[in-house]
Amino acid sequence: GTYDEADGFSKVQHVYALAAGYKGDGFTASAIWQMIDQPNKAGLVGMPSDTKPTHNFFLGATKTFGGLRVHVAYQHLEDARSVLGGPNALTASNFGFNGSASRDGFSADSFSVGANYPLWGGRIHGSFKMVHAEWNGDVGAAADDSGARYVGAIRYAYKLSKRTGLYALATYGYGDGMFKNNNTVESVATRVTAAVGLNHRF
């Protein structure tokens, strides 16, 4: 509703994606490429109208060894308008960068490795993830334009029935460089999280 539909295809946001997967005996692998362009976004989310498109590359694999399941993943982002993700997504303005005047965005490389194994009738999960990110646009008055974040996590899940289960989890995240630019980003990047709960599938 912000722009006239008469602007046509060239003036709206587009998402392009390709994916491939493989499933074998105790092994799976996947590869994904996604591109998002951002025409007509000026003034809406702090970026110029000629912002470079975001490219997202992902590779992942899982392998089972008896009861042990191991998973690894790699992701590369180019000209992203935010880093991390979900409720933890941080934009250029969060870091103090001048995103509204920058065609370029963040570049980031993340690596993760984890495993899960049966334990006490349930399953124990552990993982480690590292992301290194860099802002390629106008830094503005921000202190640092690159940094890394490290996250370790452990979770235990126990099924009470086919649809109901209990879980407990704990994570620790630590960020350096630009992830310490201010209290806003540091409170997201460096923190301890713990939770226990019950889930039920309807």
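List of remarks:
- Of the residues in the range 129-146, none is aromatic (F, W, Y) and over 20 Å from R81 (Cβ atoms).
- Qualifying residue in the range 182-195 (condition: in a strand (DSSP E or B), touching a residue at least 24 places away in the same chain (Cβ under 8 Å), exposed (fewer than 14 other Cβ atoms within 10 Å of the Cβ) and among the hydrophobic types (A, V, I, L, M, F, W, C)): yes
- The range 114-151 - residue that is closer than 22 Å to F97 by Cβ and among the β-branched types (V, I, T) and, of those, modelled with the highest pLDDT: V131
- Residues that are touching a strand residue (DSSP E or B) at 6+ places or on another chain (Cβ under 7 Å) and closer than 30 Å to P48 by Cα, drawn from the range 103-129: D104, G105, F106, S107, A108, D109, S110
- Meets criteria (touching a residue at least 12 places away in the same chain (Cβ under 8 Å) and touching a Gly at 6+ places or on another chain (Cβ under 8 Å)) for G121: no
- Residue pairs meeting the criteria (Cβ under 7 Å; at least 6 apart or on separate chains; first farther than 10 Å from A133 by Cα, in the range 96-112; second part of a helix (DSSP H, G or I) and open to solvent by 20 Å² or more (accessible area, probe 1.4 Å)): G99/S93
The values are calculated or read from the model by the stated rules, or taken from the named source; none is laboratory data. Values in this document were obtained by computation on a predicted structure and should not be read as measured data. Here Cβ is always computed from backbone atoms with ideal geometry, including for glycine, and neighbour counts include all displayed protein chains. To get the accessible areas, we keep the full protein, side chains included, count just its heavy atoms, and leave off ligands, DNA and RNA. Shrake-Rupley method; radii C 1.70, N 1.55, O 1.52, S 1.80 Å.
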